[in-house]
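The values are calculated or read from the model by the stated rules, or taken from the named source; none is laboratory data. Just so it is clear, the model here is predicted, and its values are computed rather than measured. Cβ atoms come from the backbone with ideal geometry, glycine included; neighbour counts cover every protein chain shown.
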Amino acid sequence: MRIEHGKEYGVQKAAVLAVLRNSIGKPFSEAEEVWPLLFYHLPPEFLSPDGHETPEERAIYTALQMYAVCMQGSAVTVKSDPTYKGSIGRSLRSGRDLENPAALNRKFRALISSDTYEELTHHLRQILKAVKSHTGMTINFPRLASDLLYFQRGSREKLYFRWAQEYFSYAKPADGQKTEDTD
């Protein structure tokens, strides 16, 4: 689904994003207004055969909601790039204020200590709201959906470790160039 390119089903991007934001906090089974947006674009193997949401549906639904949160506001500075190689950990690293990273570090630690999917998505939404005004932050939302699926399949510790590696690591400049942390 290419929301960022204008019209989708004859509806403006802002309306699609509003529908997604309004679905936050609702179980997917109760978000009827989102179903036409999502079901049309999902491959058949991701769709539930029995009326219970699949992990794929849930992960994509959540990633779209996070996209809608990041794109809210008149001065959107988050770039959605499906070719971006970093995880959400690296994206958030670029949003840290290196003079005082303590507040974001606390939010990040809460994120990576989440025990349930609901807790994870709550903390993810809160941290994205906190850093979305950072100029130049790039997020690979399809990768985020993949990571959310990975979490649901029982690989929480490995996922959190990878996110933490990218968040806390120091990106060394290559050949005298600035890193995303020093721009």
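So here's what we get for this one:
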| quantity | calculated |
| --- | --- |
| Criterion (farther than 20 Å from Ala18 by Cβ, modelled with pLDDT under 90, under 11 Å from the mean Cα position of the chain (by Cα) and not hydrophobic (A, V, I, L, M, F, W, C)) met by exactly one of Thr138, Thr54 | Thr138 |
| Selection count where residues are out of contact with any Leu (no Cβ under 9 Å at 6 or more places or on another chain) and assigned to a helix (DSSP H, G or I), scope segment 19-38 | 6 |
| Matching option when the condition is part of a helix (DSSP H, G or I), under 15 Å from Thr138 (Cα atoms) and in contact with a strand residue (DSSP E or B) (Cβ under 7 Å, 6 or more places away or on another chain), among Tyr84, Tyr67 | Tyr67 |
| Condition met for Arg125 (at pLDDT 90 or above and farther than 18 Å from Glu157 by Cα) | yes |
| Pairs with Cβ under 9 Å, 6+ apart, first in segment 120-131 and in contact (Cβ under 8 Å) with a residue 12 or more places away in the chain, second surrounded by fewer than 23 Cβ atoms within 10 Å (Cβ to Cβ) and of a type in the set (D, E, K, R) | Leu120/Arg156; His123/Lys107; Gln126/Lys107; Ile127/Lys107; Ala130/Lys107; Val131/Arg96; Val131/Lys107 |
| Glu32 within 18 Å of His122 (Cα to Cα), at pLDDT 80 or above and among the acidic types (Asp, Glu) | no |
| Members of segment 39-57 that are surrounded by fewer than 19 Cβ atoms within 10 Å (Cβ to Cβ) and assigned to a helix (DSSP H, G or I) | Phe39, Pro44, Glu45, Phe46, Pro55 |
| Residue selected from segment 78-122 under the condition polar (S, T, N, Q) and crowded, with 19+ Cβ neighbours inside 10 Å, by the criterion modelled with the lowest pLDDT | Ser94 |
